[in-house]
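The values are calculated or read from the model by the stated rules, or taken from the named source; none is laboratory data. For clarity, every value in this text was computed on a predicted model and none was experimentally measured. In this analysis, Cβ positions are derived from the backbone assuming ideal geometry, glycine residues included, and neighbour counts consider all displayed protein chains. Note: accessible area is taken over every heavy atom of the protein model, side chains too, but ligands, DNA and RNA are not part of it. Shrake-Rupley method; radii C 1.70, N 1.55, O 1.52, S 1.80 Å.
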Amino acid sequence: MLELERPVRTIVVDFDGTICPADVSDDIVDRFVGPLGRELDLEYEEGRIGSRENLVRLGEHLRVGRDEALQWALAAHAIDPTFPPFAHWAREVGVELVVVSDGLGIHIEPMLHAAGVEGLRIVTNMAVLHEGAPAGFEFPAGHPVCRQCGTCKMLAVTAARQAAGPVAFVGDGHSDRYGALYSDLVFAKGTLMALCRMDGIAFVPWTTFDDVRTGLEARGPDDLPGPVQPIQCPGWRDPTGP
């Protein structure tokens, strides 16, 4: 491994809409719940409920088996083709890559495996699917006090910083807001760009992971904007720990 001194020590990357250009969690709901899923999702998109409550409500109508859902997801979606070489580069230069998701979770490892990407740490919710029965959910990476999100991306970022130093965050959507607020360097596209502007977060626009790599390679130790919200919540814990 060619380890070079990098100002960023960990890159935390969203999955749905980021590593995969499509939101696979939303697409699974669209496929197996139908228009009702979009109706239920509206309250979350408008900020009236959190993602955890939204997932639990959607799960009441998601009655597909795990194998069928995965088979469909793998046939219908693929990750960004620039991500596998980006993951290889990160490994070569000794920067940890952590995948985070506040979605269904079940498709992440299989889709990475299908693209030849192995061994990344994944911080996510996990849908428990049984054919003909409502879906259940496990939230192993949730906040111990706040119940707004299923996966607390703030904790994923602060745990990474505590373990190794400065963190870059790469994302695209609503659920990435708190990951961005607590990161030292943010790469944003889509809805996350507007949220960053609203929250006063400096960000680098990106389209492909080639752009992210170029942006990281250009950064020196004095070129990191730093987190907008650097203080951990009182209930902080490492979501990847025992």
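If you check Gly34 against the conditions, is it of a type outside the set (Phe, Trp, Tyr) and closer than 15 Å to Ile106 by Cα? Reasoning before the result, please.
On the way: of a type outside the set (Phe, Trp, Tyr): yes; closer than 15 Å to Ile106 by Cα: no.
When the stated conditions are applied, Gly34 does not pass them.
Residues that are touching a Ser or Thr at 6+ places or on another chain (Cβ under 6 Å) and either more than 29 Å from Ala73 (Cα to Cα) or open to solvent by 50 Å² or more (accessible area, probe 1.4 Å) (or both) number at least 1 in the following strands (runs of 3 or more DSSP E) confined to the stretch 106-202: 167-171.
Quick grid of which residues meet (1) farther than 24 Å from Arg177 by Cβ; (2) open to solvent by less than 30 Å² (accessible area, probe 1.4 Å):
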site	(1), (2)
Thr10	no, yes
Ile28	no, yes
Arg31	yes, no
Glu39	no, no
Arg52	no, no
Leu62	yes, yes
Leu74	yes, no
Pro85	yes, no
Arg91	yes, no
